[in-house]
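The values are calculated or read from the model by the stated rules, or taken from the named source; none is laboratory data. Everything numeric here is computed off the predicted structure, so don't read it as measured data. Every residue, glycine among them, receives a Cβ derived from its backbone with ideal geometry; neighbour counts consider all protein chains shown.
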Amino acid sequence: MPRTSAATASPSGSAYRIKLFTGERSANLNASLLTGIVLVLVGFGLIMVLSSSAVEEFAAGNVISSKFLKQFIFAAIGVPLMLVAARIPLQFWTGPFAWLALGVSVVLQALVFTPLGLEINGNRSWLDFGVTTVQPAEFAKVALVIWLGLMVARKGDKLRELKHLLVPVGLPVAVVIGLALLGKDLGTVMVIGALVLGALWFGGIRMRYLVGLTAFAVAGAVLMAIISPNRVARITSFFDGSCDYEGLCWQTSHGFFALARGGLFGVGLGNSTAKWSWLPEADNDFIFAIIGEEFGLVGALAVILLFGALALVLLRIWRETRNPAGRVVIGGVLVWFIFQAFVNIAVVLGLLPVLGVPLPLLSSGGSALITSLFAIGLALSVARDNLKHDLDAAASPRRKVSAK
């Protein structure tokens, strides 16, 4: 008799096994692709940081680039951190940990305005701990991604009401962005604003609220640009075409020269001339120009395609995610990386004025690299959570069939 029941239930069981196999294979494929793409970008970034900083470091008397060594150390910390974060359940990240992450990030941002704070190029956005500098706004990005996931999951349909959206979501976001505004870091403010809007949109928040938030964010960015004379001069000269070669457009002009010299296939790894003190921030904000010079149009397009592939994989994970917190986390990480990459590349190509936004996973910067890798770990945790749900969903019907 049990044999007959099992045979009767076999078609249904086969269907569940096929569904489980398909879901498991898709989840594993997404996780593998995401990990592979990120490791390629990080590895290539290490090579380019070494190449773009080697000349000035050698001129300073260093046998090997200290910027490369720091970036390598941060990558050696960040990659294991990414893998550990991927193994921890999503419920932990979007649970009580979210409160801790938000609180710590806000405190770190506030410390920027103490004697620990460091001002670079007019932006007070760093903490100087002697051994290294830290940019708290990078940690705030991760904290907001987690916090938004927690709030959307906890509030649910209540977020359709404006009052429930403004306090638990709007207030923390306003504090984080307000501190970044006080530090005069327009590029970071833009990325955080895009991250928040993207996370909420992918999380299913009403479009009319997002339109209002977008209008408010744009007004804030314009106001921030107006109150800075230097920034007004850069933006005005950019749009009216009066940018002079030796003044405000030194970086942009030499970025063009680097890209033009690279041609189709580039001049070869290590053969850039722009990095010989001609192009400021060659290993950071303008690393894409060095990539274009040394690897040509082919290399530059390859980097753009890698970011496109990264976006596609994150979209695949988002589509398979049913957990509201997971959808917000994936949406936030996706918009964060792709918007920031777009702004950086657009600046190098002369489509936007210089905003001081690094290229994710490629530009030098320990805080940015570690937080970016941790964010990818969160995305991998969501993919792992999707697999767990598929396993549970497939096991539950089989238990019901067995019970009958």
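See the values below:
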read-out: V112 vs. criteria surrounded by 20 or more Cβ atoms within 10 Å (Cβ to Cβ), closer than 25 Å to I287 by Cβ and in contact with an Asp or Glu (Cβ under 6 Å, 6 or more places away or on another chain); value: no
read-out: Unique residue being surrounded by 21 or more Cβ atoms within 10 Å (Cβ to Cβ) and either among the β-branched types (V, I, T) or out of contact with any Cys (no Cβ under 8 Å at 6 or more places or on another chain) (or both) when the list is F337, F342; value: F337
read-out: Selection count, the stretch 76-99, where residues are assigned to a loop (DSSP other than H, G, I, E, B) and loosely packed, with under 14 Cβ neighbours inside 10 Å; value: 1
read-out: Of all residues making up the stretch 345-380, the number that are among the small types (G, A, S), touching a Leu at 6+ places or on another chain (Cβ under 8 Å) and surrounded by 24 or more Cβ atoms within 10 Å (Cβ to Cβ); value: 3
read-out: Options F256, F337, F295: the member that is of a type outside the set (A, V, I, L, M), in a helix (DSSP H, G or I) and under 23 Å from A379 (Cβ atoms); value: F337
read-out: Filter result (more than 30 Å from R322 (Cβ to Cβ) and either modelled with pLDDT of 85 or more or touching a strand residue (DSSP E or B) at 6+ places or on another chain (Cβ under 9 Å) (or both)) within the stretch 182-222; value: L182, G183, K184, D185, L186, G187, T188, V189, M190
read-out: Residues (assigned to a loop (DSSP other than H, G, I, E, B) and buried (at least 21 other Cβ atoms within 10 Å of the Cβ)) located in the stretch 267-291; value: S272, A274, K275, L279, A282, D283, N284, D285, F286
read-out: Helices (runs of 4 or more DSSP H) contained in the stretch 135-208 and holding at least 2 residues in contact with a helix residue (DSSP H, G or I) (Cβ under 9 Å, 6 or more places away or on another chain) and surrounded by 22 or more Cβ atoms within 10 Å (Cβ to Cβ); value: 136-155, 171-182, 186-202
read-out: Test: V63 is assigned to a helix (DSSP H, G or I) and either among the hydrophobic types (A, V, I, L, M, F, W, C) or crowded, with 21+ Cβ neighbours inside 10 Å (or both); value: no
